[in-house]
Amino acid sequence: MKILFLNGPNLNLLGTREPEVYGSMTLADIEAEVRQRAKELKVEVDFRQSNLEGELVNWIQEAKGKFQVIVLNAAAYTHTSVALRDAISAVGIPTVEIHLSNVHAREEFRHKSLIAPVCRGQICGFGSKSYILGMESAVYVNAENK
Ligand code: CA2
């Protein structure tokens, strides 16, 4: 089973600013934790980040036939992107929405996710562990689809 992790804008800055909100781990640290758990779960992982909406859309489209589940931290595009929502809907690959922070406990503009209705579920508020929980959910979703 192959899982595609996609990370949206500014997540490359993790560990450098706002540690009180996003923790002190870098995205590379999170990727290392994900890869360690992936070994135990015997799943393959591809882990990518882009600041560009169109690149994320391209990666979602290209995932068809290659990945069974997408785990997506769309970052700020979560709250704005009809293009990401349409891409998730178009490819039909089950997608798990994840966030480091509890978006529902933050500013009102973060309460709305445009992608949530086309995702299989949402995990938020557990810091870097949201990524591990996202991967475990992906394994569950894949088993459900067999
Ligand atoms: O909590 C999350 O994972 C978010 O997806 C993070 C996004 C935010 O726009 C979403 O509402 C919730 C922001 C990612 C930016 O990360 C930064 C890291 C370090 C310094 C500044 C921003």
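If you check I70 against the conditions, is it modelled with pLDDT of 95 or more, closer than 20 Å to E33 by Cβ and either more than 12 Å from the chain's Cα centre (by Cα) or surrounded by 14 or more Cβ atoms within 10 Å (Cβ to Cβ) (or both)? Judged against the criteria, I70 is a match. The single condition among (1) surrounded by fewer than 20 Cβ atoms within 10 Å (Cβ to Cβ); (2) within 16 Å of the ligand (Cβ to nearest atom) that F5 does not satisfy is (1). Taken over segment 20-31, residues that are more than 8 Å from the ligand (Cβ to nearest atom) and exposed (fewer than 14 other Cβ atoms within 10 Å of the Cβ) amount to 3.
When only residues in segment 32-56 that are assigned to a loop (DSSP other than H, G, I, E, B) and under 21 Å from V139 (Cα atoms) count, which is farthest from the ligand (Cβ to nearest atom)? So that I can check it myself, show each step before the final result.
In the first step, residues of segment 32-56 are kept if they are assigned to a loop (DSSP other than H, G, I, E, B); the result is 42-43, 50-52.
Within this subset, residues satisfying the condition of being under 21 Å from V139 (Cα atoms) are 42-43.
Values: K42: 27, V43: 22 Å.
Residue satisfying both the conditions and the ranking: K42.
Scanning segment 77-112 for residues that are crowded, with 21+ Cβ neighbours inside 10 Å, within 10 Å of the ligand (Cβ to nearest atom) and closer than 20 Å to S137 by Cα yields T78, E97, I98, H99, L100.
When R17 is tested against (1) within 30 Å of A143 (Cα to Cα); (2) out of contact with any helix residue (DSSP H, G or I) (no Cβ under 9 Å at 6 or more places or on another chain); (3) part of a loop (DSSP other than H, G, I, E, B), exactly one condition is not met: (1).
The values are calculated or read from the model by the stated rules, or taken from the named source; none is laboratory data. It should be emphasised that the depicted structure is a prediction, and the values quoted were computed from it without experimental measurement. Methodologically, a virtual Cβ is constructed for each residue, glycine included, from the backbone with ideal geometry; neighbour enumeration extends over all protein chains shown.
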